[in-house]
Amino acid sequence: MKKIAVLGSTGSIGTQSLDVVRTHSERFSVTALTCGKNIELFRKQLAEFKPAFAAVSSEEDCRILSAEFPKTEFSFGINGITSCAVNSGADVVINSLLGMMGIRPTYEAIMAGKDIAFANKETLVAGGSIIMDAVRKTGVNFLPVDSEHSAIFQSLQGNENNRIKKILLTASGGPFRGYTREQMLSVTKEQALNHPRWKMGAKITVDSATMMNKGLEVIEASWLFGVDPKDIQVLVHPQSALHSAVEFEDGAIIGQLGCPDMKVPIAYALSWPERLDKVSKSLDLFELGTLSFEKPDLRAFTCLKLAYDAIAAGASYPIVLNAANEEAVAAFLADRISFGQIADVVDSALQRHKAVEIACVDDILEVERQTRRDIQV
């Protein structure tokens with residue numbers, strides 16, 4: 001019986017993780033859950049999974065839930081989340097938190113010897129060098145939950161000692177595939193939030209529309225698999241059947257195909273190196289018919305180019321990229337800036353920034369705070 005802590009249990013990845021646990025209750029138990037604001041759903045999860053530990057954002061919610069669930073030990077804030085990751089007795093910590101709050105709990109859990117199933121992009125985008133150094137030092141398993149990175153990870157099984165020539169990172173193209181730069185300038189919020197393939201939160205959906213999510217995934221892949229960003233090629237693949245692939249030095253390409261279903265990478269991260277049954281329906285290749293691939297238009301999708309620029313610059317630039325993007329997307333969702341201005345806000349922040357060497361988590365958080373302070377949107 002593997003004990004699981006789910007950080008961000010009421011979000012999309014968190015709820016699907018609990019679906020996997022529910023289906024395979026003979027293999028997994030939940031020892032800790034954390035939640036932000038969706039307290040009503042959290043109550044249902046607490047009643048069903050009965051974790052020994054739980055954390056919420058506010059002290060008031062902590063007090064109320066403690067009275068309702070006296071057998072669960074509650075805490076709140078970032079310290080509470082970190083405690084659930086480190087002190088709950090979990091074997092695997094699923095990090096499905098949004099934003100920079102995911103970095104410290106992940107780092108502390110790694111240093112405590114916990115295996116990590118991560119879906120929090122900021123963990124590697126902003127803290128790649130520190131996180132991967134901690135993984136190497138402790139020897140924990142650091143398992144990707146994002147469908148693309150899981151596909152790469154799966155493609156590498158049995159090929160760990162073979163040199164990677166290129167990573168082929170697929171993208172659906174989002175709702176604006178084929179748009180010109182000029183067409184992108186008039187995109188509305190309703191259009192940006194209407195993704196053709198995936199149901200996600202508002203911020204991630206907008207990142208998909210700008211292709212910033214793919215840029216962040218390039219940075220993640222570079223750290224996770226030790227590949228130079230110039231050897232990571234983004235392929236627009238509208239069928240979303242090939243979730244990513246690896247080209248080896250002999251020219252062979254190995255990839256992972258399947259239906260668009262996040263439960264597959266979640267289940268694989270939880271059960272690795274084994275596979276679980278009853279996870280997803282089979283992909284019907286006859287019904288699919290064809291696979292097509294296109295080059296991304298970096299003029300139209302400027303955010304993808306900015307991500308490549310940030311990882312090439314190194315040091316603290318990816319932190320600035322991520323923080324500026326979060327501020328810009330929040331401003332767009334609040335109707336303070338247009339869709340086309342998201343890339344402008346990020347570009348301006350990168351242009352203003354002077355590189356800072358990153359030695360610890362506090363350095364990362366300070367660069368993030370400074371970036372947010374300097375942005376006026």
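The values are calculated or read from the model by the stated rules, or taken from the named source; none is laboratory data. For clarity, every value in this text was computed on a predicted model and none was experimentally measured. In this analysis, Cβ positions are derived from the backbone assuming ideal geometry, glycine residues included, and neighbour counts consider all displayed protein chains. Ligands, DNA and RNA are stripped out before the accessible areas are found, and what is left, the full protein with its side chains, is counted by its heavy atoms. Shrake-Rupley method; radii C 1.70, N 1.55, O 1.52, S 1.80 Å.
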Hits in the range 13-27 (condition: modelled with pLDDT of 95 or more, among the hydrophobic types (A, V, I, L, M, F, W, C) and crowded, with 23+ Cβ neighbours inside 10 Å): VAL20
If MET262 passes every condition in (1) out of contact with any strand residue (DSSP E or B) (no Cβ under 7 Å at 6 or more places or on another chain); (2) surrounded by fewer than 18 Cβ atoms within 10 Å (Cβ to Cβ); (3) not polar (S, T, N, Q) but one, which one does it miss? (2)
Within the range 66-73, is there a residue that is among the hydroxyl-bearing types (Ser, Thr, Tyr), in contact with a Leu (Cβ under 8 Å, 6 or more places away or on another chain), open to solvent by less than 30 Å² (accessible area, probe 1.4 Å) and more than 23 Å from PHE142 (Cα to Cα)? yes
Is it the case that the range 118-130 has a residue that's under 18 Å from GLY14 (Cβ atoms) and in contact with a Cys (Cβ under 9 Å, 6 or more places away or on another chain)? no
Could you give every pair whose Cβ atoms fall below 6 Å, whose first residue belongs to the range 305-320 and is more than 12 Å from VAL125 (Cα to Cα) and modelled with pLDDT of 95 or more, and whose second residue is assigned to a helix (DSSP H, G or I) and open to solvent by less than 10 Å² (accessible area, probe 1.4 Å), counting only separations of at least 6 or pairs across chains? LEU306/VAL346
If LEU298 satisfies all but one of (1) of a type in the set (A, V, I, L, M, F, W, C); (2) surrounded by 22 or more Cβ atoms within 10 Å (Cβ to Cβ); (3) closer than 21 Å to PHE176 by Cβ, what's the number of the condition it fails? (2)
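Take the range 157-180 and flag every residue that is surrounded by fewer than 16 Cβ atoms within 10 Å (Cβ to Cβ), touching a residue at least 12 places away in the same chain (Cβ under 8 Å) and not in a strand (DSSP E or B).
Keep residues of the range 157-180 that are surrounded by fewer than 16 Cβ atoms within 10 Å (Cβ to Cβ), which gives 157-163, 165, 178, 180.
Narrowing further to those that are touching a residue at least 12 places away in the same chain (Cβ under 8 Å): 157, 159, 162-163, 165, 180.
Of everything in the range 157-180, those that are surrounded by fewer than 16 Cβ atoms within 10 Å (Cβ to Cβ), touching a residue at least 12 places away in the same chain (Cβ under 8 Å) and not in a strand (DSSP E or B) turn out to be GLN157, ASN159, ASN162, ARG163, THR180.
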So, first residue open to solvent by less than 20 Å² (accessible area, probe 1.4 Å) in the range 223-243, second residue of a type in the set (Val, Ile, Thr) and at pLDDT 95 or above, Cβ within less than 6 Å, six or more apart or across chains; the pairs are VAL227/ILE164; VAL227/ILE167; ILE232/ILE167; ILE232/VAL218; HIS237/THR170
Matching entry among THR31, THR82 (being more than 22 Å from SER271 (Cβ to Cβ), open to solvent by less than 40 Å² (accessible area, probe 1.4 Å), more than 17 Å from the chain's Cα centre (by Cα) and of a type in the set (S, T, N, Q)): THR82
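Filter the range 348-377 down to the residues that are of a type outside the set (A, V, I, L, M), farther than 24 Å from ILE103 by Cα and either open to solvent by less than 80 Å² (accessible area, probe 1.4 Å) or in contact with an Asp or Glu (Cβ under 8 Å, 6 or more places away or on another chain) (or both) and list them by number. Show your work before the answer.
Step one: filter the range 348-377 for residues of a type outside the set (A, V, I, L, M), giving 348, 351-354, 357, 360, 362-363, 366, 368-374, 376.
Pick out the ones that are also farther than 24 Å from ILE103 by Cα and you get 348, 351-352, 376.
Within the range 348-377, SER348, ARG352 meet the criteria.
Would a scan of the range 333-353 turn up a residue that is hydrophobic (A, V, I, L, M, F, W, C) and more than 28 Å from TYR179 (Cβ to Cβ)? Quick ask: steps written out before the conclusion?
Our first condition is that a residue be hydrophobic (A, V, I, L, M, F, W, C); within the range 333-353, this holds for 333-334, 337, 339, 342-343, 345-346, 349-350.
Now restrict to residues that are more than 28 Å from TYR179 (Cβ to Cβ): none.
Looking for residues that are hydrophobic (A, V, I, L, M, F, W, C) and more than 28 Å from TYR179 (Cβ to Cβ), one finds none in the range 333-353, hence no.
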Scan the range 193-211 residue by residue and report those that are open to solvent by less than 30 Å² (accessible area, probe 1.4 Å) and closer than 23 Å to CYS259 by Cα. HIS195, THR205, VAL206, ASP207, SER208, ALA209, MET211
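Yes or no, residue by residue, for (1) touching a helix residue (DSSP H, G or I) at 6+ places or on another chain (Cβ under 7 Å); (2) among the aliphatic types (A, V, I, L, M); (3) within 27 Å of SER150 (Cα to Cα):
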site	(1), (2), (3)
SER58	no, no, no
ASP61	yes, no, no
ASN95	yes, no, yes
ALA109	yes, yes, yes
ALA112	yes, yes, yes
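For the range 185-286, give me every one of the helices (runs of 4 or more DSSP H) that falls completely inside it and has 3 or more residues that are in contact with a helix residue (DSSP H, G or I) (Cβ under 6 Å, 6 or more places away or on another chain) and closer than 21 Å to ILE13 by Cβ. Steps first, answer last, please.
Numbers: elements: 189-192, 202-210, 212-225, 263-271.
Of the helices (runs of 4 or more DSSP H) lying wholly inside the range 185-286, those with at least 3 residues that are in contact with a helix residue (DSSP H, G or I) (Cβ under 6 Å, 6 or more places away or on another chain) and closer than 21 Å to ILE13 by Cβ span 202-210, 212-225, 263-271.
Here's the yes/no breakdown for (1) at positive phi; (2) at pLDDT 95 or above; (3) touching a strand residue (DSSP E or B) at 6+ places or on another chain (Cβ under 9 Å):
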residue: GLY99; (1), (2), (3): yes, no, no
residue: THR106; (1), (2), (3): no, yes, yes
residue: LYS121; (1), (2), (3): no, no, no
residue: ASP133; (1), (2), (3): no, yes, no
residue: ILE152; (1), (2), (3): no, yes, yes
Among (1) under 26 Å from ILE116 (Cα atoms); (2) acidic (Asp, Glu); (3) in a loop (DSSP other than H, G, I, E, B), the one test that ASP297 misses: (1)
